[in-house]
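Undergrad: Structure incoming, see below.
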Amino acid sequence: MPKKSNQNNNSGSFVGHLTELRSRLVKSFIFLFFLFIVSYIFSAEIYRFLVQPYADAVLSDDLDRRLIFTALHEAFLTYLKVAFFAAFFISSPFFLTQLWKFIAPGLYKNEKQALLPYLIATPALFILGGCIVYYLIMPLAIKFFLGFESVAGPGVIAIQLEAKVNEYLSLIMRLIFAFGVSFQLPVILSLLARIGIIDSEYLRQRRKYFVVIIFAMAAILTPPDPITQIGLALPLLLLYELSIITVKFIEKKDA
C-alpha cells in the first residue's frame, strides 16, 4: 500500500507539473498574441525605425532613393512580419520569466543564485547584438553596397539600387536575430563549464579551432559580404575571450 501511495503521489506531481507548464505556455502565447496586435497597430512606426539606417545612409550622400514593393500583397505581409518580429523581440523576457518561475521552485538556493545571472545576461546580450546590427553593421553594409552603383555615361547604362521593402526588412531582421543568438556564446560556454563539460584550459587550447568555427558560422549567418561577416566574427572572438575569463572565474569560485 505505501508503494502504491508513493506512485500515486509521483503521478499526481508529474501531472501537476505538466498542468503548470501548460498554463505558463498558454500565458506566454497569449501575451505574444497581444503584443502582436499592438505591434501591428504600430507597425508603420516600427517599419520606419527599421528603415532608418537605410534612410540615413542615403540622405547623408544626397541620393534620391526609395524602397519599392512589386506584389499587391507584399507590403501587407511585410507589416505582418514586422509586427511578429517586434512582438517576439519584446516578449522574450516574459518567456524567460515564465520559464524561471516554472523551474525555480525545484531548485536549491545556491542553484537559483547560479542560474539567475544567465536569465539576465541572455536578453541583455541579445539586445546588445541587435544594437550592433542597427547602429554599426547596417550603416556600414549599406554604404558598401551603394558603392557598387554607377552613373550613366556615353554608351554606359546607370546601375542604381532599387531595394525592395520585403528584402531589406528581411535582411535587417535576420541579422538582428543572427547577432542576438550568436551573442549567447558566453552564456552557453559558461553553462557547459558549470556542469563540467569544458574548462578554461580546454577553451584556451582549442582557441584556433573556435576561430575557424566562428568565421564559418559568420559566413553562414550573414550575407556574402565582408562587412557583415567580419562585423559578426570580431565581436564573437571578443566574447570567446570573455568566456575564457568567465569560466576561469567560475572555476576559482567553485574551488
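Undergrad: Look through V181, V212 and report the one residue that is on the phi < 0 side of the Ramachandran plot, in contact with a Phe, Trp or Tyr (Cβ under 9 Å, 6 or more places away or on another chain) and surrounded by fewer than 21 Cβ atoms within 10 Å (Cβ to Cβ).
TA: Only one candidate passes the filter, namely V181.
Undergrad: What are the pairs, 6+ residues apart or on separate chains, where a residue within region 131-159 that is within 17 Å of R65 (Cα to Cα) has its Cβ under 8 Å from a residue that is among the small types (G, A, S) and loosely packed, with under 10 Cβ neighbours inside 10 Å?
TA: Qualifying pairs under 8 Å: E149/A158; S150/A158; V151/A158; A152/A158.
Undergrad: Yes or no: region 103-111 includes at least one residue that is among the hydrophobic types (A, V, I, L, M, F, W, C) and either part of a helix (DSSP H, G or I) or touching a residue at least 40 places away in the same chain (Cβ under 8 Å) (or both).
TA: Yes, region 103-111 contains a residue that is among the hydrophobic types (A, V, I, L, M, F, W, C) and either part of a helix (DSSP H, G or I) or touching a residue at least 40 places away in the same chain (Cβ under 8 Å) (or both).
Undergrad: For region 75-91, give me each residue that is farther than 21 Å from A163 by Cβ and either in contact with a Leu (Cβ under 6 Å, 6 or more places away or on another chain) or without any contact (Cβ under 8 Å) to a residue 24 or more places away in the chain (or both).
TA: Those that are farther than 21 Å from A163 by Cβ and either in contact with a Leu (Cβ under 6 Å, 6 or more places away or on another chain) or without any contact (Cβ under 8 Å) to a residue 24 or more places away in the chain (or both): A87, I90, S91.
Undergrad: When you scan region 129-136, do you find a residue that is within 15 Å of the chain's Cα centre (by Cα) and among the small types (G, A, S), even just one?
TA: Yes.
Undergrad: Just checking: which of the helices (runs of 4 or more DSSP H) contained wholly in region 151-255 hold 3 or more residues that are more than 30 Å from L72 (Cα to Cα) and polar (S, T, N, Q)?
TA: Working: elements: 165-182, 185-194, 200-205, 207-221, 226-254.
So the answer is 226-254.
Undergrad: As an exercise: evaluate G147 against (1) within 22 Å of A233 (Cβ to Cβ); (2) surrounded by 14 or more Cβ atoms within 10 Å (Cβ to Cβ) and give the number of the one condition it does not meet.
TA: Evaluating G147 over (1) within 22 Å of A233 (Cβ to Cβ); (2) surrounded by 14 or more Cβ atoms within 10 Å (Cβ to Cβ) leaves (2) as the failure.
Undergrad: Can you find a residue in region 67-74 that is farther than 29 Å from L191 by Cβ, modelled with pLDDT under 90 and in a helix (DSSP H, G or I)?
TA: Yes, there is a match, as at least one residue in region 67-74 is farther than 29 Å from L191 by Cβ, modelled with pLDDT under 90 and in a helix (DSSP H, G or I).
The values are calculated or read from the model by the stated rules, or taken from the named source; none is laboratory data. Since we're looking at a predicted model, the values are computed, not measured. Reconstructed Cβ throughout: ideal geometry from the backbone, glycine too, with neighbour counts over all protein chains shown.
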